[in-house]
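To start, the structure under review is shown below, and the notes come after it.
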Amino acid sequence: MEENKHIAISVIIPIYNESAIIEELYNRLKNNVLKISQNYELIFVNDGSRDNSLEELIKLTQIDKNIKYINFSRNFGHQIAVTAGLDACIGDAVVIIDGDLQDPPELIPELYAKHKEGFEVVYAKRSKRNGESYLKKITANLFYRILKKITYVDIPVDTGDFRIIDKKIVNYLRKMPEQNKFLRGQIAWLGFKQTHIMFERDERKHGQTGYSFAKMMRFAMDGITGFSDEPLLFVSRLGLFFSFISFVIIAYALYSHFVLLRTITGWTSLIISTMFIGGVQLISVGIIGEYISRINKNINNRPLYIIGDTNIETDASKP
Ligand code: UDP
Ligand code: MG
């Protein structure tokens with residue numbers, strides 16, 4: 001049976017509205033994976049695309065038996081799409097790559113060679129990001145730096161999910177059931193021998209980013225809340241600081257009322273301090289809320305994704 005066939009390399013490709021480039025993507029992936037082994041699988045995860053990506057993928061499965069597809073019932077997001085691929089793959093080494101050709105498939109043999117030298121994780125680090133807006137470059141840059149400062153794991157800067165990981169890493173990732181996925185953090189958290197190669201990130205050939213600003217913010221918050229308690233510590237320090245200041249002011253007000261017999265009048269100072277403290281409190285509650293929302297999600301314990309249909313037979317593909 002197919003199932004028992006030994007697979008040397010799996011490639012996981014999340015797909016969200018990429019129909020225009022799927023054929024080129026397939027050809028470039030196949031050509032490069034074939035440099036490594038005949039025994040490969042390409043797992044495409046269609047994350048609720050609104051174009052005809054699914055039809056394109058199914059067409060491919062008819063000409064190449066090494067192609068597997070998983071079709072989500074709706075859009076679950078990039079990290080979850082990759083997770084579904086990780087749950088389903090059976091290769092000894094597994095490549096995670098974006099489906100928009102911003103991560104060049106030509107790098108896969110190089111990643112694989114480095115992996116063979118004995119590294120469980122080899123990620124591709126961006127030396128340059130072509131064709132992305134200044135806003136994206138600046139926010140991404142800032143985000144990676146902040147994350148590095150406040151997290152307790154060493155998450156590599158300027159890297160996406162483009163990487164090769166050992167089967168061992170895949171098995172551990174399957175044991176990490178968190179709902180708010182931040183895969184590059186989880187992989188860093190696992191440890192083992194990790195290294196990187198450099199590359200210039202290509203620009204998107206077709207279509208537009210599937211990461212809206214809202215999705216990006218959520219992703220950033222998942223990274224921070226999943227790997228740092230620093231924001232909570234910041235809130236309590238802030239509280240301590242303002243309590244201290246208010247004690248000083250209270251003491252002064254009492255002193256001036258009872259001893260100096262001079263009561264300070266002043267609506268302006270009152271309104272300013274009230275508004276200011278109100279703002280600080282709301283921000284603090286918001287930060288705590290972010291953590292609570294993640295507890296809530298994990299307690300609900302829903303399946304991470306729902307598969308509409310797939311051509312993968314094993315149980316592994318079912319959540
Ligand atoms: N993607 C996905 N689900 C989404 C958004 C994106 O599966 O909700 C896929 C997309 O098809 C691509 C990869 O994730 O293969 C990276 O997304 P994108 O290129 O939009 O992100 P960017 O490169 O702009 O950060
Ligand atoms: Mg992209």
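Just so you know, all these numbers are worked out from the coordinates, no wet-lab data involved. Just so we're clear, the structure is a prediction, and the values are computed from it rather than from any experiment. Note: ideal-geometry Cβ built from the backbone for every residue, glycine included; neighbour counts use all protein chains shown.
Below are the figures for this structure:
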{"quantity": "Approximate spin-label separation PHE276-ALA20, in nm, with each point projected 7 Å along Cα-to-Cβ", "calculated": "5.2"}
{"quantity": "Spatial extent of the range 4-86: Rg and Dmax, with the Cα atoms as the point set, Å", "calculated": "12.3, 35"}
{"quantity": "Förster radius 22 Å - calculated FRET efficiency between LYS193 and GLU106 (Cβ-Cβ, nearest 0.05)", "calculated": "0.35"}
{"quantity": "Angle in degrees between helix 213-227 and the longest Cα principal axis of the chain, rounded to the nearest 10", "calculated": "80"}
{"quantity": "Alpha carbon convex hull of the range 54-140, projected area averaged over orientations, nm²", "calculated": "7.9"}
{"quantity": "Positive-end extreme of charge dipole, the range 166-319 - chosen from VAL285, ALA214, ASN296 (charges on Cβ)", "calculated": "ASN296"}
{"quantity": "Relative packing of 224-231, 239-246, which averages over residues the other C-beta atoms within 10 Å, highest first", "calculated": "224-231, 239-246"}
{"quantity": "Within the range 98-207, percent of DSSP bridges classed antiparallel, to nearest 5", "calculated": "35"}
{"quantity": "Dipole of the range 18-148, positive direction: furthest Cα of SER53, SER133, GLY85, with charges on the beta-carbon", "calculated": "SER133"}
{"quantity": "Rounded to 10°, Cα long-axis angle of helix 267-300 versus longest principal axis of the chain", "calculated": "30"}
{"quantity": "Estimated FRET transfer efficiency when R0 is 51 angstrom, pair THR139-LEU260 (beta carbons, to 0.05)", "calculated": "0.45"}
{"quantity": "In nm, spacing of pseudo-spin labels at GLU178 and LEU34 (7 Å Cα→C-beta vector)", "calculated": "4.0"}
{"quantity": "Violating pairs (Cα-Cα greater than 24 angstrom) within the set LYS68/LYS148; LYS5/LYS68; LYS59/LYS116; LYS65/LYS114", "calculated": "LYS68/LYS148; LYS59/LYS116; LYS65/LYS114"}
{"quantity": "Principal-axis tilt of helix 134-150 within the chain, Cα atoms, nearest 10 degrees", "calculated": "70"}
{"quantity": "Separation between Cα centres of the range 151-180 and the range 234-254, rounded to whole Å", "calculated": "42"}
{"quantity": "Cα Rg, Dmax, the range 122-272, angstrom units", "calculated": "24.0, 77"}
{"quantity": "Residues of type aspartates and glutamates that LYS30 reaches as a straight line, Cα spacing below 12 Å, ignoring anything fewer than 8 places off in the same chain", "calculated": "GLU41, ASP64, GLU106"}
{"quantity": "√(5λ) per eigenvalue of the Cα gyration tensor, the chain, largest first, Å", "calculated": "49, 19, 19"}
{"quantity": "5 angstrom amide H check on LYS125, placed H, neighbours 5+ away", "calculated": "ILE197, MET198, PHE199"}
